[in-house]
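A short reminder: the numbers here are calculations on the coordinates, not readings from a lab. These numbers come from a predicted model, not from an experiment. Note: ideal-geometry Cβ built from the backbone for every residue, glycine included; neighbour counts use all protein chains shown.
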Amino acid sequence: MRQKIACAFIASALAEFASTLAADVPIPDVRAALAERYPAADVIHGGELQFEQQTPVEPADLPALAKALPNVRFFTTKLRTGYYEYPRVSVAVAVPRHGPIAMDLSPTYSESDREFTEMLKSARVLRASEQRAVANDIARLFAIITYKGEVRKPHYDEGRYSAELWHGDLLWRRVLIEFENGHVSSVTLVNPKDAATGLPHNQTPAQSGSLRQLGGTP
């Protein structure tokens, strides 16, 4: 028992040290990375994504997640889509100290990106109180990139977290996060209407023809 407590203490101390160290390490140019992946052009077609250099890029204030992932910084911005009904989509950007960035488009536009989810699963979290805080931050990040997004009814119990992600007056997704062996083991957004509508889980709003009902911001 003493050995387990000692190991947990050491791991926590190392995580705090890494967080402090990483704060002083410069991160890649976010705008340059976005412009390279989503180059802007005079013409855009529906379904394409473009990053315009004048678009604001905001750091996401997620202290618990920053501590659990000290080598990754999170930002939010918007991409041009080419759709008249949904001209710009909010996105979360995960920028690691080394390696390519990962993007997650708003849950009102598309399903979660696997690379982005895998980066979240790298978060190291040992204590139950820390797991709850990290899960709250992840859910809040999804809410930030959701038009009129709000997290409701967060619940944590023995390594399992659930919350409701609301889009205005609509229950849009259920956020499910699990922890195992001191890490985030899964991050899932579940559509509460999937079973009723039969819409495939990986179908985008454009493919489903429901863009007019989404309330995307211009």
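If you rank ASP104, ASP113 by fewest surrounding Cβ atoms within 10 Å, what's the result?
With the sparsest Cβ surroundings first, the list reads ASP113, ASP104.
What FRET efficiency comes out for the pair ASP42/ARG114, r = Cβ-Cβ distance, R0 = 45 Å, nearest 0.05?
That pair, ASP42 with ARG114, gives E of 0.90.
Say each of ARG152 and GLU180 gets a label point 7 Å from the Cα, pointing the same way as Cα to Cβ; how far apart are those two points in nm?
Modelled inter-label distance: 3.1 nm.
Could you tell me the calculated FRET efficiency between ARG160 and LYS193, based on Cβ-Cβ distance and R0 = 22 angstrom, to the nearest 0.05?
With a Förster radius of 22 Å, E is 0.45.
Please arrange VAL30, VAL93, VAL43 by counting, for each residue, the other beta carbons lying within 10 Å of its beta carbon, fewest first.
With the fewest neighbours first, VAL30, VAL93, VAL43 line up as VAL43, VAL30, VAL93.
Among TRP166, TRP172, rank each residue by its count of other Cβ atoms within 10 Å, from fewest to most, as a rough exposure measure.
TRP166, TRP172
From the square roots a ≥ b ≥ c of the eigenvalues of the alpha-carbon gyration tensor of the stretch 78-159, which class results: rounded (a/c under 1.5), prolate (a/b over b/c), or oblate?
Oblate, since a/c reaches 1.5 and b/c is not below a/b.
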